[in-house]
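What follows is a set of notes on a single structure, which appears directly below.
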Amino acid sequence: MPDTKFSWCGLREHLRKYFWLYLLGVALGLLGAELLWTMTRPRIPNQASVNIYLAAGYSNAEPLQAMAPDILARVSRDDEAIRQVSFESMMYNEQVYTSNMLLITRLSAGECDAFLASEGAMEALLASETLTPLDDALAAGWMGAYHLEPYVVTTENEDTGEKATWTAGLRLDSVDALAKLGAFDNRGAFLCVTNTGGNADAAMKALEYLIGDLTEANDA
């Protein structure tokens, strides 16, 4: 007859053997809760909202969200259809599988218009093939006052083998106000715009106003 008496020794041995299963269960539970909240929360339609995500191992969107009403006021003067500008943290760790699942889910749902992205998150965004080339906007003077270094990449079409060189983002190393506000570690990070949210033009305007405000704060 098996011994069913409780013992601390037996509990420790059980946890040693099956700890990874409990950890996986917690991770999947958190991801499920996040996805459920994403699908059911009340929100302004995506086409009326510019959603900018801070994708990194750690970020704090609150300081930037505090700037959002003023940015919205300026963006909506140019595009009356925009009713919201929002900043939201997205925990991203390239070593954690669920980070990629969450990123792809948000992109697929059309929720992401732009990112402030860590190096690892930027690599994942490039691999997702959802980034908007910034070359035309830069040539037209977008962000010209702030001298952010372009992040130029060369990609290859898997079907045709043709290669293309284009600007996927802008480097944020010089925007130290992000770190000073406690919002985001700008070292080695990037700014980029997606082609899945439907508001690329409005997102570019919001980002330009954001960088301008942060530059003023940094110089103050």
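General remarks:
- Scanning segment 147-180 for residues that are in a loop (DSSP other than H, G, I, E, B) and within 23 Å of residue 60 (Cα to Cα) returns 148, 172, 173, 174, 175, 176.
- Considering segment 42-144, there are no qualifying helices (runs of 4 or more DSSP H) wholly inside with 3 or more residues that are closer than 16 Å to residue 183 by Cα and not assigned by TED's automatic domain parsing to the domain that holds residue 176.
- Exclusive hit being within 17 Å of residue 189 (Cα to Cα), of a type in the set (Gly, Ala, Ser) and modelled with pLDDT of 95 or more, set 55, 66, 73: 55
- Boolean, residue 155 is modelled with pLDDT under 95, more than 18 Å from residue 51 (Cα to Cα), surrounded by 13 or more Cβ atoms within 10 Å (Cβ to Cβ) and out of contact with any Pro (no Cβ under 8 Å at 6 or more places or on another chain): yes
The values are calculated or read from the model by the stated rules, or taken from the named source; none is laboratory data. Note that this is a predicted model, so its numbers are computed, not measured. All Cβ positions, even for glycine, are placed from backbone atoms using ideal geometry, and neighbour counts span all protein chains on display.
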